[in-house]
Amino acid sequence: MFKGSMVALVTPFKNGKIDEKALKDLVEFHVKNRTSALVPCGTTGESATLSYEEHDRVIELTIQYAQGRIPVIAGTGSNSTEEAIMLTRHAKSAGASASLQVSPYYNRPTQKGLYLHFKAIAEAVDIPIILYNIASRTGVNIEPETFAHLAEIKNIVGVKEASGSLEQMSRIRKLVSKEFLLISGDDALTLPVMSIGGVGIISVVANIIPADVASMCEAFLKGDVKGAEALHYKMLPLVKAMFIETNPIPVKTSMGLMKMIDPEMRLPLCEMLPENKEKLIKELKAYKLI
C-alpha cells in the first residue's frame with residue numbers, strides 16, 4: 001500500500017502566508033525524484049502553527065498538484081479527538097489517500113485513552129490511517145500491546161515509528177499482522193527498521209535528497225543490501241545535520257540555501273544559531289548540494 005521514501009513535506013511560507021507556487025514546485029520535484037508519497041501538515045510541515053483554513057488549504061493544494069501521480073498521506077492528527085476527526089473528514093473529502101495521526105500531545109492520555117482516541121477517528125472517517133508514535137514530542141509512548149489492539153481496526157493500516165527503539169519496533173512487528181505497515185520515523189534508522197520488517201520511511205532529509213532516499217529504500221526492497229548500506233552511510237552525516245536544531249529549522253534553512261524555497265518559519269521556530277548554520281553548510285557542501 002505505502003512503502004519506500006515518503007516525504008514529510010515542509011510548508012513553504014512567504015511574507016507570512018503559504019507560498020502556493022513553491023508548494024507546487026516541491027510536489028513536482030518529488031514526483032520527478034521517485035518519492036513514494038507526500039505527507040503534508042506533519043511536524044515538518046509546521047502543522048502546529050497553521051490555522052484550520054491553512055491546514056485544509058495545504059492538503060487541498062498538495063492533492064491538487066499531485067494530480068493522482070503520487071499518494072498524499074494528510075497529517076490530520078490533534079490532541080483533541082473531535083478536532084482530529086474534523087481535519088480527517090476534510091482530508092478525505094479533498095481526496096487524500098490516507099491520514100497520518102500523531103498521538104495526542106500535552107494531555108498525555110493513558111494507553112486506554114490512546115486506543116479510544118484512534119478508534120474514534122477510525123470509526124468516524126473511513127480512510128486508511130497511519131499512526132504516528134513520537135514520545136519525544138508528545139510526552140506519551142504508544143506501547144506495542146496497544147498497537148496490537150489498534151491493528152485489529154480495519155482502517156488502521158500502519159505506524160510511523162519515531163520512538164528510536166528498535167526493540168520496541170521489533171515487538172510491534174511481532175505482535176501485529178504482516179499487513180500492518182511499520183514505517184521508520186527517523187532518517188538515521190530507516191535501514192535498520194527495514195531490516196526488521198519495515199517498509200520505508202516518512203523522511204525529513206528526503207525534502208532535499210529525495211532520489212537518494214528513494215534509491216536506498218528501493219535497493220533494500222529488491223534485496224540489494226550492500227547498495228542500500230552504501231547509501232545509508234553516504235547520507236548519515238547529512239541526516240545528522242538535519243537535526244542539529246529542532247526540525248524543521250535545519251531542513252528549511254537548507255532548502256533556502258539551495259534556492260528551493262524561502263526559508264521562512266513561524267515563531268516559536270526561528271533562525272539557526274550561526275555556529276550551527278556553519279556546521280549545516282559544511283555538510284551541504286560535502287554532499288554537493290550547494
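The values are calculated or read from the model by the stated rules, or taken from the named source; none is laboratory data. Bear in mind the structure is a predicted one, so any value in this text is a computation, not a measurement. Because the Cβ atoms are built from the backbone with ideal geometry, glycine has one as well, and the counts that use them run over all protein chains shown.
Checked against (1) closer than 24 Å to M194 by Cα; (2) surrounded by fewer than 18 Cβ atoms within 10 Å (Cβ to Cβ), A124 passes all but a single condition, namely (1).
So that you can scan it fast, the table gives a plain yes or no per residue for (1) surrounded by 23 or more Cβ atoms within 10 Å (Cβ to Cβ); (2) of a type outside the set (S, T, Y); (3) touching a Pro at 6+ places or on another chain (Cβ under 6 Å):
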residue	(1), (2), (3)
K21	no, yes, no
V27	yes, yes, no
K32	no, yes, no
S36	yes, no, no
E46	no, yes, no
R57	no, yes, no
T62	yes, no, yes
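Among the residues of the stretch 64-107, those that are of a type in the set (A, V, I, L, M, F, W, C), assigned to a helix (DSSP H, G or I) and touching a strand residue (DSSP E or B) at 6+ places or on another chain (Cβ under 9 Å) comprise A66, A84, L87, A91, A94.
So, in the stretch 238-256, of the ones that are touching a Lys or Arg at 6+ places or on another chain (Cβ under 9 Å) and assigned to a helix (DSSP H, G or I), which residue ends up farthest from T190 (Cα to Cα)? Going through the qualifying residues, I end up with T253.
Inside the stretch 45-92, can you point out the residues that are of a type in the set (S, T, Y) and farther than 22 Å from M255 by Cα? Walk me through how you get there before you give the answer.
Taking the stretch 45-92 as the starting set, the residues that turn out to be of a type in the set (S, T, Y) are 47, 49, 51-52, 62, 65, 76, 78, 80-81, 88.
Residues satisfying the conditions are S51, Y52, T76, S78, S80, T81, T88.
Every listed requirement among (1) under 21 Å from S184 (Cα atoms); (2) modelled with pLDDT of 95 or more; (3) of a type outside the set (F, W, Y) is met by A135 save one, (2).
Table: residues versus (1) free of Cβ contacts under 8 Å to residues at least 40 places away in the same chain; (2) under 19 Å from I156 (Cβ atoms).
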| site | (1), (2) |
| --- | --- |
| A37 | no, yes |
| T43 | no, no |
| T49 | no, no |
| L61 | no, no |
| Y65 | no, no |
| I70 | no, no |
| I73 | no, yes |
| T76 | yes, yes |
| E82 | yes, yes |
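Residues in the stretch 191-214 that are part of a loop (DSSP other than H, G, I, E, B) and farther than 14 Å from L231 by Cβ were compared, and the one that is nearest to the chain's Cα centre (by Cα) is V204.
Please tell me if I261 is modelled with pLDDT of 95 or more, outside any helix (DSSP H, G or I) and within 18 Å of the chain's Cα centre (by Cα). Please lay out each step first, then the result.
Details: modelled with pLDDT of 95 or more: yes; outside any helix (DSSP H, G or I): yes; within 18 Å of the chain's Cα centre (by Cα): no.
Taking the combined requirement at face value, the residue does not satisfy it.
Within the stretch 187-233, being under 20 Å from H30 (Cβ atoms), out of contact with any Lys or Arg (no Cβ under 8 Å at 6 or more places or on another chain) and of a type in the set (D, E, K, R) holds for one residue alone: D187. Of the residues that make up the stretch 159-170, is at least one buried (at least 16 other Cβ atoms within 10 Å of the Cβ), under 19 Å from G4 (Cα atoms) and among the hydroxyl-bearing types (S, T, Y)? For the stretch 159-170, residues buried (at least 16 other Cβ atoms within 10 Å of the Cβ), under 19 Å from G4 (Cα atoms) and among the hydroxyl-bearing types (S, T, Y): absent.
Take the conditions in a helix (DSSP H, G or I) and closer than 30 Å to S195 by Cα and apply them to L289. Does it pass? So L289 does not fit the description; no. Listed by first and then second residue, the pairs linking a residue in the stretch 94-114 that is surrounded by fewer than 15 Cβ atoms within 10 Å (Cβ to Cβ) to a residue that is assigned to a loop (DSSP other than H, G, I, E, B), with Cβ atoms under 7 Å apart and 6 or more places separating them unless they lie on different chains, are Y106/N79; Y106/G139; N107/N79; R108/G139; R108/V140; Q111/E143.
In this structure, does L175 turn out to be surrounded by fewer than 19 Cβ atoms within 10 Å (Cβ to Cβ), modelled with pLDDT of 95 or more and either of a type in the set (A, V, I, L, M, F, W, C) or over 17 Å from S36 (Cα atoms) (or both)? For L175, the condition - surrounded by fewer than 19 Cβ atoms within 10 Å (Cβ to Cβ), modelled with pLDDT of 95 or more and either of a type in the set (A, V, I, L, M, F, W, C) or over 17 Å from S36 (Cα atoms) (or both) - is met.
So, in the stretch 130-149, of the ones that are of a type in the set (V, I, T) and more than 19 Å from E179 (Cβ to Cβ), which residue ends up surrounded by the fewest Cβ atoms within 10 Å (Cβ to Cβ)?
V140
In the stretch 64-93, the residue that is farthest from P12 (Cα to Cα) out of those that are buried (at least 17 other Cβ atoms within 10 Å of the Cβ) and among the small types (G, A, S) is A84. Return only the number of the condition from (1) in a helix (DSSP H, G or I); (2) small (G, A, S); (3) free of Cβ contacts under 8 Å to residues at least 40 places away in the same chain that A188 does not satisfy. Checking A188 against (1) in a helix (DSSP H, G or I); (2) small (G, A, S); (3) free of Cβ contacts under 8 Å to residues at least 40 places away in the same chain, the one that fails is (3).
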